[in-house]
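Here's the structure, in structure tokens; my notes come after.
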Amino acid sequence: MLAPVTSLEDLVRLRRARDLIDRRYDEPLDVAALARFALMSPGHFSRSFKAAFGESPYSYLMTRRIERAMALLRRGDLSVTEVCFAVGASSLGTFSTRFTELVGESPSAYRARDHSETAGVAPCVARIHSRPVRRSSSRGA
């Protein structure tokens with residue numbers, strides 16, 4: 001059973017930590033650092049984050065990274081390796097595995113695909129419609 005979020009103060013701190021992930025997805029972030037930022041213990045932070053947002057902090061971070069990687073790959077001017085490191089991933093293998101897990105195809109296949117359907121669409125709208133959806137709950141959940 002998920003731990004309930006106990007206070008409005010906790011929710012505010014969790015939201016700030018989530019906003020930090022959104023802004024700094026390309027930097028090295030770990031649960032301990034995010035928990036310190038939220039003024040919580042790592043265990044309490046992880047349980048509360050999952051209760052509030054439906055996924056673990058690590059899964060949320062990886063989803064943001066993959067989402068940004070999708071946008072960079074649609075542009076087509078960077079290699080998969082360059083995109084991997086541009087979004088803060090430290091391992092090409094882990095990045096590719098997670099990308100495939102969330103998107104349903106490899107980063108190379110996604111990059112090679114025709115993305116003309118989103119060519120004239122504002123980036124914020126394209127991001128909403130191409131947001132990665134967890135296809136497997138085997139990791140980080």
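Every number in this text was worked out from the coordinates using simple rules, so none of it is lab data. Just so you know, these numbers come straight off a predicted model, no measurement behind them. Here Cβ is always computed from backbone atoms with ideal geometry, including for glycine, and neighbour counts include all displayed protein chains.
When you scan segment 69-99, how many residues do you find that are of a type outside the set (D, E, K, R) and in contact (Cβ under 8 Å) with a residue 12 or more places away in the chain?
18
In segment 100-114, what residues are under 16 Å from the mean Cα position of the chain (by Cα) and free of Cβ contacts under 8 Å to residues at least 24 places away in the same chain?
Listed by number, the list holds a single entry, Thr100.
Can you list residue pairs whose Cβ atoms sit under 6 Å apart, with the first residue in segment 31-51 being under 16 Å from Arg16 (Cβ atoms) and the second being assigned to a helix (DSSP H, G or I) and aromatic (Phe, Trp, Tyr)? Count only pairs 6 or more apart in sequence or on different chains.
Ala35/Phe45; Ala38/Phe45
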